[in-house]
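Contents: one structure, followed by commentary.
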Number of protein chains: 2
Amino acid sequence: MKHAHFHHRSAVALLIPCLCMSVRLWAQPAVARPDATRESLTEYVRPFVGTQGDGNTFPGPSAPFGMMQIGPDTDMELWETASGYEYSDSSIIGFSLTHLNGTGIPDLGDFLFLPTIGTPKLIPGSKTAPDSGYRARYSHADEEASVGYYQVRLKDSKINVELAAAPRSGMMRFTFPASDSACILTDLTHVLRWNVVWSRLRVENDSTITGYHNVNGWAKDRPLYFAARYSRPFDGYRIMSDGKPVVYNGYRFRSAAEAAGKDVQFLAHYRTRADETITLKIGISATNAENALRNLDAEIPDWNFDRVREQTKAAWEKELGKIVIEGSREQKETFYTAMYHAFLAPCLYEDVSGDYFGLDHNVHRAEGFTNYAIFSLWDTYRAEHPLFTLIQSRCDADMINSMLAHYDQSVEHLLPVWSLQGNETWCMIGYHAVPVIVDAFLHGVTGFDPQRAYAAIKNTAMNPHYDNVMTYAKLGWVPYDKENESVSKTLEYAYDDWCAAQMAKRLGKKEDEAYFMKRSQNYRNLFDPAYGLMRGKDSQGKWHSPFDPHLYVEGGDFTEGTSWQYSWYVPQDVPGLIALQGGKERFCRKLDSLFVTHASDSTRGVDDIRGIIGEYWHGNEPSHHIIYLYSLAGQPWKAQARLHEVMKTQYGNAPGSLCGNDDCGQMSAWYIFTALGFYPVCPGSDEYAIGSPCIPKAFMKLSNGKTFTMTAENLSQENVYIQSMTVNGKPWTLARLPFDVVNGGGKIEFRMGPKPNKEWGN
Amino acid sequence: MKHAHFHHRSAVALLIPCLCMSVRLWAQPAVARPDATRESLTEYVRPFVGTQGDGNTFPGPSAPFGMMQIGPDTDMELWETASGYEYSDSSIIGFSLTHLNGTGIPDLGDFLFLPTIGTPKLIPGSKTAPDSGYRARYSHADEEASVGYYQVRLKDSKINVELAAAPRSGMMRFTFPASDSACILTDLTHVLRWNVVWSRLRVENDSTITGYHNVNGWAKDRPLYFAARYSRPFDGYRIMSDGKPVVYNGYRFRSAAEAAGKDVQFLAHYRTRADETITLKIGISATNAENALRNLDAEIPDWNFDRVREQTKAAWEKELGKIVIEGSREQKETFYTAMYHAFLAPCLYEDVSGDYFGLDHNVHRAEGFTNYAIFSLWDTYRAEHPLFTLIQSRCDADMINSMLAHYDQSVEHLLPVWSLQGNETWCMIGYHAVPVIVDAFLHGVTGFDPQRAYAAIKNTAMNPHYDNVMTYAKLGWVPYDKENESVSKTLEYAYDDWCAAQMAKRLGKKEDEAYFMKRSQNYRNLFDPAYGLMRGKDSQGKWHSPFDPHLYVEGGDFTEGTSWQYSWYVPQDVPGLIALQGGKERFCRKLDSLFVTHASDSTRGVDDIRGIIGEYWHGNEPSHHIIYLYSLAGQPWKAQARLHEVMKTQYGNAPGSLCGNDDCGQMSAWYIFTALGFYPVCPGSDEYAIGSPCIPKAFMKLSNGKTFTMTAENLSQENVYIQSMTVNGKPWTLARLPFDVVNGGGKIEFRMGPKPNKEWGN
């Protein structure tokens, strides 16, 4: 059922604040190290977290929001190994230059490099028989991953491999044994899961190569270029095309220094002394090989591997320091790994010149902003971008400008849905660029043009072609006889419309506000009071029958979920939903049952979602806000218990700790907010729901220069219940926290205890 | 033997002076029409000449040296139909945007357009069963081709098609019958002979599309983009991918307005009234779709088909007017068609911005010159470029600058051999960019940097990888045991080296001059006195045995020829060759026998070369200078008779008139010089060989502003022999004509008669 995976995997883009200037100025003198007396936060990051099982995270080095994400690939076939690396595998195919972090669908993995000894092999081979190809055995005992660094010693060849990354470039340091047959393979056909449709390679001089390939992948038509400089001239080299060396046969000249085709590989041959180190510097570009070389030379002018490693570590130190917490080592490791994962995407996607490959497949120059790609918006609008609003507002503005450029270049005049390096994958549903923009706009993120942004929002929400949006606008729901996933689409459109209305309101566009507010109530049209659940309706207004609230089928009325799960999705009007359900008591009783329902046989098909508590699936995004609904429905103690349960069971500091696809950081961003004690149930609104803090103390350095403080007195494994709380020193009894308290640099103090205080927050 | 064709086809680039400024300023107010009282020279051009049989010419409209060469394709498979159009075919596949003129190997034919009626077909179908696909029957009675214009009425659909071309853009005007099912197909997979490896298409708005494909052809890796505007919005459209419409199926959105893949087609659907005209404007670019659109909009801002046609015609009028002749209508048709063919290539290869796709596959901007592509140098160095030296010096300088840019971008640090739109095909032998540059430099062409050019020449002639050049330099010959075509290569290197020496001499580089002069004598090393012929030698100095002077085998010692033909190839030292042969008498006797030798069975393999007189093959370039050797060996009357024989039998004004591949105009340039009575046997030298004029009078407007005049008194079908001659009014008895007489705007007067005057020129 590989094909099916394409549809039902969730895929989330992680969006994090992005040292935009430092990305551009990376090759300038090193970013100042944080105060030497401060503890190093990067030491807490465990890049292997999420690499075992469904987390699909990427363990290699990367600058924050880096374009070059260089790392080991152990798999290139499985949907289940979307980042290329699965901790359970025991052999490595090689080291490629780009990766997705935590998505449900594989792509990238461009350009594989691998040092070898002996007669070079030209196919990767299989996991069960690594020697059938160039695959290299390794053991985790010989492997290390830390911020900005990855190292592994390959078992059979005894070559030590070290990787470091700058924003658009990286280094590979190989330490060889003495050998007459050392080789560094570059495989241009390598890409995760999909197909290279064309490639080319040029040997620019005795120690420099450039290359290109175009990939027909999840991103349908994605070019990438690279340039690699080797620390010493090749002792010999060969380009292999279709498995045969490119040579001049004495007839009419054929250059052995360049080739183009579907199956091109490069072999750099060396005779090495014992422990001889050969280092590669590699740059990438989406526009052309010349820019790849320029990116490389601008960012890594010399051969100092350790400096690149330290510069990137220093850049991360600065980013991680935006939230400083107290807590146990395990808490810090879990927390800062989540911060790290949250800041791996969206990814820089422009040359040092500002050139990038646009959605219209022309080369554009980003003027006045830094261009980013990889927007997993169905996931990241929920908690990632609201986090950026607070602590990465400059990058958030750049990301919004990148989305507006996408809109300008879109043949359908749509904001991105799930965009991936100059391509729209059309993955997932809704128009969730809207909440991202609106949340930023209403919360003081500047650096983009609100009128231009609103025009894009409105045109997107009124698109005549996209997913029956205008049928929805006319009927009040997406009819299931016209469109799959009709209930999920209706519910998510209604939320996005509410966001559009909020922006219209702020901009004084009263008619638009009224229009979108009306649409935002469309969720009501699919609420079937007979079940107290959301249910599909056809274009004649008839309910979809038969109706199984626990049914998930691909292409049914729900997106990666069931009615039982999606019926909680009205973030823009929780009181309205509660009223439909018959009041807070009934609402909460129903919610209780969600966590104890045994998933029925109907719930087949979603085979990679874990984190299951009853029919609550923490491993996928539609559940992410649900626990917090207890807080908004008068029974916050139930949220407090469930949140701690999830934090304990679905997160941690081990490779297998993540219960579901990290989805470009959304799983991690959920953790960050939840650990701090609150969560943006409805991005774009002026308040958070209060949950239950999981760390004793946190300082958040906001983009506006202020510092927000959270303390949780008496917090322990057992003391998970809020006894009382103050905001800015004054008692606070609501289970909702105004956005302005946080962004205004306020202070909240929880007092925790072992029993619920059912008076608080009710 | 299709594969064999790749090797043994000759392919000649036609090089002609190129209104560089007018190319860039084309969309400015129309080029001034020539004096209204002057006869229209464009009326004499017969674009169908050479389209029947081996001429391989292109009959569609093009600006002089145009990038857009838009025309009908009747074949897309055969080597024998390299331009896509064979006059003998009775159905047309469609109309594509680019073509080669007269090459021996097919390529280009990018992006097919075809108007149809009825259910659209998606495959071209076959010549024997046109209805099996979209092929359209036609008759020459319904077809017209003139300068800047092509028209055909398609038999079954009754659609009238008209084509016009601007430098980087063109128009297609379709006149439809009344129909509910009119359609304009665009097939992105169409290319002549080779394969489209990837393509994409975008519907930019209701009447504009853009597209791209990359072709793995003779040019191994060649991208091209187009943009097309339709004169009225589509009534409907479909993109077809792998034969199926690209549609949104109601699941998750898929835009119907864009697609990428290996098999992409576009269908613009219309309901037409009787005689309704729908016009397309189409631009191309090698750099991106945006530039294709810019090129289009800059060159054709409105919808005036007739103005585009007239502007291009006016541009040609100016170019053809550089030589004004008197003569019969047939003579004028033959002559001006030759001029037309000589000015179709090399082709403009840059956007209006100056951007072009370089040999290194980066996008470059041509600064200070106009970039040209398609250099068939093995052919065109002989007569084409020497003609450009005289009457297209500005374009010649641009072409040289284009070749120097190629050199800068060459991974092998080589000047072009046979370059084709950002690719080096490595077709044919030698380094004949050298004579092109040297002939221009020594004869006053300015606008390029001689020192830079000489450095490129020297590095090319000293290349350590290319075709055993340095083995030749060391041994004195190319050894046949190391390198195929060893004799041809030795002889042609020696000539190229002589040219390099001439440039070194003028630049005062005495050592280099001596070095290359020494190399230029290497022809002597392969002269076997036992046969009086050139013969292969191995690296030990042993003659290649057995030796059959009439043998041609692919990959043997000779390039598309035999020893019997190549033994005349010492243009740089004809006296030296005559001496080796034992003096003028013996030399001429041997030459006599060339024309009466019956081609032996040994001469198999060269199946597309016609124009055979004995073992003289006028249809291929190695023979082109041979007849003139009579003039240099004291028996010019034999040249006079043979030249007239060739002019009468191998040229003319009918589709089947050209006896061999026009090779980008070299066959035509031979005609032009020969008609004027002289020929550049040794480009780079300071003299021409005098042949025998074939037209009564000619005025040549030189690039330096002067006018050269030739008259041939008493010329007739019988009066082919020179009786006497004056140069600038003074009697002239040498069969050689100084370059300065021509370029100085001199006047030569022949007096012709029916019998040889064996005293003259002896």
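The values are calculated or read from the model by the stated rules, or taken from the named source; none is laboratory data. Fair warning: this is a prediction, and the values are worked out from it, not measured in the lab. Virtual Cβ from ideal backbone geometry, glycine too; neighbours counted across all protein chains shown. For the accessible areas, the whole protein counts, side chains as well, though only heavy atoms, and no ligand, DNA or RNA atoms are used. Shrake-Rupley method; radii C 1.70, N 1.55, O 1.52, S 1.80 Å.
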Practice prompt. Return a yes/no flag: does region A:168-183 have any residue that is within 13 Å of A:ILE93 (Cα to Cα), in contact with a strand residue (DSSP E or B) (Cβ under 7 Å, 6 or more places away or on another chain) and open to solvent by 10 Å² or more (accessible area, probe 1.4 Å).
Written response: no
Practice prompt. Check off (1) within 28 Å of the chain's Cα centre (by Cα); (2) within 14 Å of chain B (Cβ to nearest Cβ); (3) surrounded by fewer than 19 Cβ atoms within 10 Å (Cβ to Cβ) for A:THR287 and give me the number that stays unchecked.
Written response: (3)
Worksheet item: Which of the residues spanning region A:718-737 are open to solvent by less than 40 Å² (accessible area, probe 1.4 Å) and under 21 Å from A:GLY705 (Cβ atoms)?
Response: A:VAL727, A:LEU737
Fill in: Scope region B:398-409; condition open to solvent by 10 Å² or more (accessible area, probe 1.4 Å) and either touching a Ser or Thr at 6+ places or on another chain (Cβ under 9 Å) or part of a loop (DSSP other than H, G, I, E, B) (or both); matching residues
B:ASP398, B:ASN401, B:HIS406, B:TYR407
Discussion item. Condition check: over 18 Å from the mean Cα position of the chain (by Cα) and surrounded by fewer than 21 Cβ atoms within 10 Å (Cβ to Cβ). Does B:LEU122 satisfy that?
Written reply: yes
Discussion item. Can you tell me which of (1) over 18 Å from A:TRP378 (Cα atoms); (2) part of a helix (DSSP H, G or I); (3) in contact (Cβ under 8 Å) with a residue 12 or more places away in the chain is the one A:LYS482 doesn't meet?
Written reply: (2)
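Taking the criterion of being modelled with pLDDT under 50 and assigned to a loop (DSSP other than H, G, I, E, B), would at least one residue in region B:35-53 satisfy it? Let's see the steps before the verdict.
From region B:35-53, those modelled with pLDDT under 50 are B:35-36; that's our starting set.
From what is left, the residues that are assigned to a loop (DSSP other than H, G, I, E, B) are B:35-36.
There is at least one residue in region B:35-53 that is modelled with pLDDT under 50 and assigned to a loop (DSSP other than H, G, I, E, B).
Out of B:MET517, B:MET470, report the one residue that is without any contact (Cβ under 8 Å) to a residue 12 or more places away in the chain, in a helix (DSSP H, G or I), open to solvent by 20 Å² or more (accessible area, probe 1.4 Å) and among the aliphatic types (A, V, I, L, M).
On the way: B:MET517 fails: without any contact (Cβ under 8 Å) to a residue 12 or more places away in the chain.
Going through B:MET517, B:MET470 in turn, the sole match is B:MET470.
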Item to complete: Quickly run through region B:226-276 and pick out the residues that are surrounded by fewer than 18 Cβ atoms within 10 Å (Cβ to Cβ), at negative phi, more than 13 Å from every other protein chain (Cβ to nearest Cβ) and in a loop (DSSP other than H, G, I, E, B).
Response: B:SER231, B:ARG232, B:PRO233, B:ASP235, B:ARG273, B:ALA274
Worksheet item: Going by the structure shown, is B:GLU330 at pLDDT 95 or above, open to solvent by 10 Å² or more (accessible area, probe 1.4 Å), acidic (Asp, Glu) and under 25 Å from the mean Cα position of the chain (by Cα)?
Response: yes
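Tell me which residues, restricted to region A:473-482, are open to solvent by 50 Å² or more (accessible area, probe 1.4 Å) and either closer than 22 Å to A:MET503 by Cα or among the basic types (Lys, Arg) (or both).
A:LYS474, A:LYS482, listed by residue number.
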Fill in: Criterion: free of Cβ contacts under 8 Å to residues at least 12 places away in the same chain and in contact with a strand residue (DSSP E or B) (Cβ under 8 Å, 6 or more places away or on another chain) - qualifying residue of B:PRO754, B:PRO696, B:PRO731
B:PRO731
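Considering region B:673-695 alone, what residues qualify as being within 15 Å of B:HIS618 (Cβ to Cβ) and open to solvent by less than 10 Å² (accessible area, probe 1.4 Å)?
Just the residues of region B:673-695 that are within 15 Å of B:HIS618 (Cβ to Cβ), to begin with: B:673-675, B:679, B:691, B:694.
Passing the criteria: B:PHE673, B:THR674, B:ALA675, B:TYR679, B:GLY691.
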Discussion item. So A:PHE739 passes all but one of these: (1) without any contact (Cβ under 8 Å) to a residue 60 or more places away in the chain; (2) within 30 Å of the chain's Cα centre (by Cα). Which condition number does it fail?
Written reply: (1)
Worksheet item: So B:MET462 fits all but one of (1) in contact (Cβ under 8 Å) with a residue 12 or more places away in the chain; (2) open to solvent by 10 Å² or more (accessible area, probe 1.4 Å); (3) away from chain A (no Cβ under 14 Å); what number is the exception?
Response: (1)
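Tell me the residue from B:ASN195, B:ASN214 that is open to solvent by 30 Å² or more (accessible area, probe 1.4 Å) and touching a residue at least 12 places away in the same chain (Cβ under 8 Å), please.
On the way: B:ASN214 fails: open to solvent by 30 Å² or more (accessible area, probe 1.4 Å).
Selected residue: B:ASN195, the only one of B:ASN195, B:ASN214 that is open to solvent by 30 Å² or more (accessible area, probe 1.4 Å) and touching a residue at least 12 places away in the same chain (Cβ under 8 Å).
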Worksheet entry | Residue list for region A:180-213, restricted to those being over 28 Å from A:PRO233 (Cα atoms) and within 10 Å of chain B (Cβ to nearest Cβ) | A:VAL197
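Quick check on this structure: which one of A:THR116, A:THR103, A:THR128, A:THR98 is among the β-branched types (Val, Ile, Thr), touching a residue at least 60 places away in the same chain (Cβ under 8 Å) and either under 22 Å from A:ALA654 (Cβ atoms) or surrounded by fewer than 22 Cβ atoms within 10 Å (Cβ to Cβ) (or both)?
Details: A:THR116 fails: either under 22 Å from A:ALA654 (Cβ atoms) or surrounded by fewer than 22 Cβ atoms within 10 Å (Cβ to Cβ) (or both); A:THR128 fails: touching a residue at least 60 places away in the same chain (Cβ under 8 Å); A:THR98 fails: either under 22 Å from A:ALA654 (Cβ atoms) or surrounded by fewer than 22 Cβ atoms within 10 Å (Cβ to Cβ) (or both).
Being among the β-branched types (Val, Ile, Thr), touching a residue at least 60 places away in the same chain (Cβ under 8 Å) and either under 22 Å from A:ALA654 (Cβ atoms) or surrounded by fewer than 22 Cβ atoms within 10 Å (Cβ to Cβ) (or both) holds for just one of A:THR116, A:THR103, A:THR128, A:THR98, which is A:THR103.
Within region A:577-621, restricting attention to residues that are in a loop (DSSP other than H, G, I, E, B) and of a type in the set (Lys, Arg), which residue is modelled with the lowest pLDDT? Can you show your working first?
Pass one, region A:577-621, residues in a loop (DSSP other than H, G, I, E, B): A:581-583, A:595-611, A:614-615, A:618-620.
Going one step further and asking which of them are of a type in the set (Lys, Arg), we end up with A:604, A:610.
Details: A:ARG604: 52, A:ARG610: 72.
Among them, the one singled out is A:ARG604.
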Worksheet item: Looking only at residues in region A:425-453 that are of a type in the set (Ser, Thr, Tyr) and open to solvent by 10 Å² or more (accessible area, probe 1.4 Å), which one is nearest to A:ALA500 (Cα to Cα)?
Response: A:THR446
Discussion item. With the requirement that a residue be surrounded by 20 or more Cβ atoms within 10 Å (Cβ to Cβ) and part of a loop (DSSP other than H, G, I, E, B), what does region A:290-306 give you?
Written reply: A:ILE300
Discussion item. What's the number of the only condition in (1) open to solvent by 10 Å² or more (accessible area, probe 1.4 Å); (2) without any contact (Cβ under 8 Å) to a residue 40 or more places away in the chain; (3) in a helix (DSSP H, G or I); (4) in contact with a Ser or Thr (Cβ under 9 Å, 6 or more places away or on another chain) that B:LYS505 fails to meet?
Written reply: (4)
